[in-house]
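Structure first, then comments.
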Amino acid sequence: MKELLRQLLKELDRLWFFVSIGITVVFIILYFFVVERFADLSIRNFLQSVITNLIPIFLTIAVSYPLLNGIKKIKIEKETQDLIEKLIPEINRTIRNPSLSTYNPRKVDFYPDFSSVPWKELLTDIHLLDISIDYLDSWVNENILKIKELFDNNGYLRLVLSDPQKKDLLVTIQKRIPEIEKKESIEEKIIGTKTRLHKAFEESKGRKARFEQYFVDEIIWYAGVRIDNKTLILAFFDQSRLMRASAPTIVIDLEADEITRKWFDREFNRLISTGKNQTNNPVS
């Protein structure tokens, strides 16, 4: 309603501008071409006096419209420029420092790649970890102590990987990751992911710790890590690349995002229900 009223007033201002211009032109024509024809001098002087006083009034009104309009534009541009000057430092600070020393997630946080996520903060004092991915390599090396800490605290880890025994899957995955030249290397990385995490489980001090492993007969087109059913880390990989590429990553507060929470619940439960349980087969 306010926007409609604003538009109406704007159109009325424009109409008044053109009316003022028109009246001014009419008065000028009257002054120079019509009034002079009156024979009665008193009538002529009266009309000339009235027109002389009215022309400046309507001319002022006509000139004031573009002047005020220009002032409004300058004010808006100044306010916009001030806002931009305030936003740019904040944007630069966020881009240059994607993670802060104290992790305090918003509904969604964005990171340029999987490795820049503040994993140490996210994996501290947790009890449930769900992972679905083709395989994990450097991530396991960098966060193995946190995984051991999870098991030491009687935590629960569920791991879903692509099946390394399905050769067609390995060929397809290898095409997506050209820096790994042989499908045998993909197989080794999948089995290595599982083996290292299972070893951390076996060496843990937590007697009630749990570790479940599943192989699925499909490619997992993303990396999904869910922590305590509260936080979801999603990374999306390039499906066609010439060399190693970064994976844009988002960290989602599931307690504030019911739609994403329900989606990952369905997705992860589907993978588990269709996958082969490898829990009692840790090394192959």
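None of the figures in this text is laboratory data; all of them are computed from the coordinates on show. Everything quoted here is computed from the prediction, not taken from an experiment. Heads up, the Cβs are rebuilt from the backbone with ideal geometry, glycines too, and the neighbour counts pull from every protein chain shown.
Pairs spanning more than 26 Å between alpha-carbon atoms, out of 167/205; 148/230; 148/175; 167/276; 166/194; 166/208: 167/205; 148/175; 166/208.
For residue 209, the amide hydrogen comes within under 5 Å of the amide hydrogens of 154, counting only partners 5 or more places away or on other chains and with H modelled in the peptide plane.
With the simple model of a label 7 Å out from the Cα in the direction of the Cβ, residue 142 to residue 259 spans 3.0 nm. Between amide H atoms placed 1.01 Å from N, distances below 5 Å from residue 128 occur with 156, 228, all of them 5 or more places distant or on a separate chain. Per-peptide packing, taken as the mean over residues of other Cβ atoms within 10 Å, places 195-203, 254-262, 224-232 in the sequence 224-232, 195-203, 254-262 from highest down.
Calculated over segment 108-277, the projected area of the Cα convex hull averaged across directions stands at 9.3 nm². Considering only beta bridges that DSSP places wholly inside segment 108-277, some 65 percent are antiparallel.
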